[in-house]
Amino acid sequence: MRVTLCQAALAGAISLNLLLLFCAWRGPGRSPPSCRPPRGVPGVTVLLRDFEDFDNDLAGTARSFASLPVPVLVAAEAAPYPPVPLPAGVRLLPLRPVADQPPPLAHPELHVRTRHVALVPDGTRAVPGLLERMRDALEQGPSDTRLVAAPVGSVPLRCLELRLEPRAWTARYSTGAPGVCRAVEGTAVLLLRTRDLFALPFPLARPVPTAIFVQAVLRGWGLRVVPVAFPASRRPPVSPHSHWKAENLAESRRRRLMRDLGIKREVLADGRERWYGCAKETARCFGTVHARTPQYLLAGRWTPPCCLRALRETARHVAGALEAAGVRYWLEGGSLLGAARLGDIIPWDYDVDLGIYQEDVGKCRWLAAAAAGEPVEDAEGFLWEKAVEGDFYRVHYSRSNRLHVDLWPFYPRGGVMTKDTWLGHPQDVEFPESFLQPRVPMAFAGFTAMAPNNARAFLELKFGPGAIENPEYPNPDVKRLGQD
């Protein structure tokens, strides 16, 4: 059988694509030399990542560094639009996979051959020898140094200490001691070993500096700052529209990054806070709770701080509404435990429990409406309704966000407080009414709530001896405290 020229070309194209697919499938660290270029080449590759399509100095930045000469790569989801005339030798690496292109084009690590890589912000100008100086600072520094930063422009970098609290979904910044940095504030070129960069789960996430600093801290990497600065380009003022657009994009990128990194709250060095979790207009941060064990506990985390904030706000609102209406209430179950231990919600709890006198339900118009089977939203957006599980009530943070306070109606019978719905929780037991005669004020979640008059005896009746001193997760059969 004769093979035509077209058939031969088709067979060659198929073979090439199969080889490329094989290289991508093999992945970093497993590819044979013919698929994966070795990173043994001395030198530094410049990677341009942080820039905007609509307003940038990409061509000037690329031209400046390409003149050193060093390899220069532009990494972007897609080619910038409007198109940017990149200098000869500067390559564009699309990060977003394209259906009709070979997979390696979506893997920039396959195109970096040098031992070191520098992440250069848009608008930076090259200085001969400065990248090499940064490389030497990295290689000659302490063994834990994995990252070197150099300022861009005339404003020096400010050293920051960065402490991550994964269990609390929180990142805390503070002013670092001289020469001790975990992050920097200001525009900077970042240099690290290529193998370190592409070993990170989010090597080119934006904003690049924040992504690198957080991932570096999680790995215990040290950071050094060199005092010599790269010049910044002289650029015309940004238009108000471009400034607004850039700010919105930066906010959305930061939110996406924090979601990927598992951070819902940043505490800045000046004390301000940034929140990235759920809010009144969104759904809550976790789904349905099974076996009294929310998913975040199984992941080794505690209640997201945004959820705790919403629970505190809801509890304060509900307590105020009940007191204004003359409804007798008291802290119940895990919420009383939290008040006794911390004066707050237990850090891993997912709701707030209050007991109420059943005969007082009609005094509060929101409760009365819920008792009649009509979910009602009050003037501040909290949703009151009767629970589908039984004869009790729930007040949700909002229609969208179902974080809630449970209201359990009890009534006295022969000096004992009882109720009509029992869900089998350990604390779900009857108790003497004398615990409520009188009720006493108790600090809880930032306000003063009413509580049984002997919290210790009440809690030990419900949870057993030593309940206050021996904290435990809601269902130890599923996950015990200390197994994180």
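The values are calculated or read from the model by the stated rules, or taken from the named source; none is laboratory data. If you're wondering where the values come from, they're calculated on a predicted model, not measured in any experiment. Glycine gets a Cβ as well: all are built from the backbone with ideal geometry, and neighbour counts include every protein chain shown. Accessible surface is based on the protein model in full, side chains and every heavy atom, while ligands, DNA and RNA are left aside. Shrake-Rupley method; radii C 1.70, N 1.55, O 1.52, S 1.80 Å.
Miscellaneous remarks
- Residues located in segment 412-456, provided they are touching a Phe, Trp or Tyr at 6+ places or on another chain (Cβ under 9 Å) and among the hydroxyl-bearing types (Ser, Thr, Tyr): 418, 421
- Answer residue from segment 194-238, given it is assigned to a loop (DSSP other than H, G, I, E, B) and open to solvent by less than 20 Å² (accessible area, probe 1.4 Å) and is nearest to residue 50 (Cα to Cα) among those: 204
- Test: residue in segment 395-411 that is open to solvent by 70 Å² or more (accessible area, probe 1.4 Å) and within 31 Å of the chain's Cα centre (by Cα): yes
- Filter pass, residue 144 being touching a strand residue (DSSP E or B) at 6+ places or on another chain (Cβ under 6 Å) and open to solvent by 60 Å² or more (accessible area, probe 1.4 Å): yes
- Residues located in segment 350-361, provided they are within 18 Å of residue 306 (Cα to Cα) and open to solvent by 20 Å² or more (accessible area, probe 1.4 Å): 350
- Inter-residue pairs, beta-carbon under 9 Å, first assigned by the TED database to the domain that holds residue 307 and in segment 379-407, second modelled with pLDDT under 95 and of a type in the set (Ser, Thr, Tyr), 6+ apart: 387/421; 389/421; 390/421; 391/421; 392/421
- Of the residues making up segment 436-454, those that are open to solvent by 20 Å² or more (accessible area, probe 1.4 Å) and in contact (Cβ under 8 Å) with a residue 60 or more places away in the chain are 439, 442, 443, 446, 447, 450.
- Just one of (1) more than 30 Å from residue 166 (Cβ to Cβ); (2) without any contact (Cβ under 8 Å) to a residue 60 or more places away in the chain; (3) out of contact with any strand residue (DSSP E or B) (no Cβ under 7 Å at 6 or more places or on another chain) fails for residue 356. It is (3).
- Restricting attention to segment 357-414, the residues being β-branched (Val, Ile, Thr) and over 16 Å from residue 321 (Cα atoms) number 1.
- Any hit, segment 287-310, residues being part of a helix (DSSP H, G or I), over 25 Å from residue 423 (Cβ atoms) and open to solvent by 40 Å² or more (accessible area, probe 1.4 Å): yes
- First in segment 206-220 and closer than 18 Å to residue 194 by Cβ, second anywhere and open to solvent by less than 40 Å² (accessible area, probe 1.4 Å) and part of a helix (DSSP H, G or I), Cβ under 7 Å, 6 or more apart: 211/257
- Selection within segment 139-168 - of a type in the set (D, E, K, R), touching a residue at least 60 places away in the same chain (Cβ under 8 Å) and in a helix (DSSP H, G or I): 167
- Of the residues in segment 153-173, at least one is assigned by the TED database to the domain that holds residue 212, under 29 Å from the mean Cα position of the chain (by Cα) and under 24 Å from residue 62 (Cα atoms).
- Residues of segment 239-268 that are in contact (Cβ under 8 Å) with a residue 24 or more places away in the chain, open to solvent by less than 40 Å² (accessible area, probe 1.4 Å) and among the hydrophobic types (A, V, I, L, M, F, W, C): 246, 257, 261, 263, 267, 268.
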